[in-house]
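Each reported figure results from applying straightforward, stated rules to the coordinates on display, with no laboratory input. Remember, predicted model here, so these are calculated numbers, not experimental data. Neighbour counts run over all protein chains shown; Cβ positions are idealised from the backbone, glycine included.
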Amino acid sequence: MRFLKFFTCLVIFFTSLNGRDFVSTAEEVRLEVGENFQQQNDLHPGGTVFRVATGVHMEQSVLNPRAGNTWIGEAGAVMDGGNTVSSAFHGNAENVTIERLGLRNYTDNGIYFSSGRNVTFHKVSFSDLGSGDGETNGALRLQRVDGLIVTECFFTRVSSAILPTLCQGPIRIEWNRGVNIGRNFVQLDKCRGPGIRVNYNTMERVGDYLRPGTQDVEDWISVYKVEGLREDPAQFNYNRARGHGPSASGSFLMLGDGGGRFLEAVGNIGVSPGQVGIGLCGGQDLEIRDNLMFSDRWEQSNVAYYSHDFSAPAPCSDHSLLRNRANWLNRDGVQNTFWTSGNTKPLHMEGNVFPDETLDAGIWDEWERTIGTRSFPSSKELAGATPIPTTP
């Protein structure tokens, strides 16, 4: 085995502290194929930058990455659990960054941090991992992590994608892509605080390209007992989802599940994304605005938008639907754009177009024309990910 070579490099931060710039140093370590990641994590101090060399690093797993560590993959760097290792990273994480790595073939989770703060994942690809029905385990399982960033990551053939539980904001989940992600793309469970942003994500269900044994998509984005702030609502904005599994209860976006407060959904686009487009199923001070929903007739199709109190005994009131549009055929081939039971008073409705028969599956492309897009790597460039299926 090649001996580890490391060196110290200067990392310069032009950051003003009491009016003065300062310079900090970080140790940089290159990890070759065959080296033991856990040993190197334990050997080097917090704040180390680990550069993971190109190649497949088999059955590596890191418990409790040291505070301030950064793990960066070179082009084509893959951590492969060999379908024998539970997760690539786990335990506690504080001020840890993981980027540009491919993670695959881990049995339970790609990454499972059960505590921590200020954790960042950027341009990480997750494929062929996760166990169970996806409600608990998935690509990114995060519990009691305060301060979370997930940007420009890719997910495919996983049991679920991003599962934050009992996390405190700020939480940024933005500009990610998922293809056949199992049960949920995002499931926020009892998260709260300022700066909650689940925005600009793209989700698709294509063919039979699924992780064996996992549940098919239920809610693309599930929001359970989540609370933003009156002056800073939790945002679920400018996402798009296309396609569905066989679920008779699934949706694109489910807000207010179990209660919650100060949530908004703006500018989302759904193309046959489930039996429901956007559901307001409880909670207080929920606003959905300027969304576009389209669905063809299929055997479980139900309604584009609804407002109903499923969260009792948790409080439920002040649902607003403003300037939304829908062209939605239910299972009987009948337009069904909105439904309410009347038990979410006050219910504010203004400027909606129900139905808008000018909408069709082409609204998918409206997202790129109006929002713009980030470039995602091709299937060959994705580090270790199974090739992305071509959408018909």
* Just need the relative contact order of the range 32-217 here, percent rounded to a whole number, with Cα pairs under 8 Å and 6+ apart. => 14
* Largest first and in whole Å, give the semi-axes of the chain's equivalent ellipsoid, each being the square root of 5 times a Cα gyration tensor eigenvalue. => 39, 23, 18
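Calculate how large, on average over all directions, the projected area of the Cα convex hull of the range 32-125 is; give the answer in nm² to one decimal.
Taking a quarter of the hull surface, the average projection is 5.0 nm².
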* With a bin width of 5 angstrom, please list the P(r) values of the range 233-375 as percents of all Cα-Cα pairs, from the 0 bin to the one holding the largest distance. => 2, 11, 21, 24, 21, 14, 6, 1, 0
* Taking other Cβ within 10 Å of each residue's Cβ, how do Ser87, Ser247 sort, fewest first? -> Ser247, Ser87
* All aspartates and glutamates inside 13 Å of Lys345 as judged from Cα atoms, apart from same-chain residues fewer than 8 positions distant -> Asp285, Asp309, Asp318
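What length, rounded to one decimal in nm, is gained on full extension from Asp42 through to Glu59, with 0.36 nm per residue of separation minus their alpha-carbon distance?
Value of the extension gain: 4.4 nm.
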* Globularity ratio of the range 251-320, using Cα Rg and 2.2 N^0.38 Å -> 1.09
* Mean separation of Cα pairs under 8 Å and 6+ residues apart, divided by the residue count of the range 233-375: what relative contact order is that in percent? -> 22
* Among Trp220, Trp298, what is the fewest-to-most ranking by other Cβ atoms within 10 Å? -> Trp298, Trp220
* For the chain, calculated [θ]222 nm from helices alone, where every DSSP H run of n ≥ 4 adds -39500 (n - 2.57) -> -1000 deg cm²/dmol
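How much of the DSSP bridge set in the chain is antiparallel, in percent, rounded to the nearest 5?
DSSP beta bridges in the chain are roughly 10 percent antiparallel.
Can you order the peptides 36-46, 180-190 by their average number of other Cβ atoms within 10 Å per residue, highest first?
180-190, 36-46
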* Asked: For Glu231, Glu287, what's the fewest-to-most ordering of other Cβ within 10 Å of each Cβ?
  -> Glu231, Glu287
* Asked: If you take the Cα atoms of the range 32-217, find Rg, then find the Kirkwood Rh from the mean of 1/r over all pairs, what is Rg/Rh?
  -> 0.94
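Evaluate the relative contact order of the chain (contact order divided by residue number), counting alpha-carbon pairs under 8 angstrom at least 6 apart; express in whole percent.
Normalised by residue count, the contact order of the chain is 9 percent.
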* Could you run the Karplus curve 6.51 cos²θ - 1.76 cosθ + 1.60 with θ = phi - 60° over the range 209-219 and give me ³J(HN,Hα) per residue in whole Hz, x for Gly and Pro? => 7, 10, 6, x, x, 8, 7, 6, 4, 9, 10
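When ranked by the protection proxy of mean other Cβ atoms within 10 Å per residue, highest first, what sequence do the peptides 275-286, 126-137 form?
The densest-packed peptide leads the list: 275-286, 126-137.
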* Asked: Using a basic spin-label model with each label point 7 Å from the Cα along Cα→Cβ, how many nm lie between Arg331 and Met349?
  -> 2.4
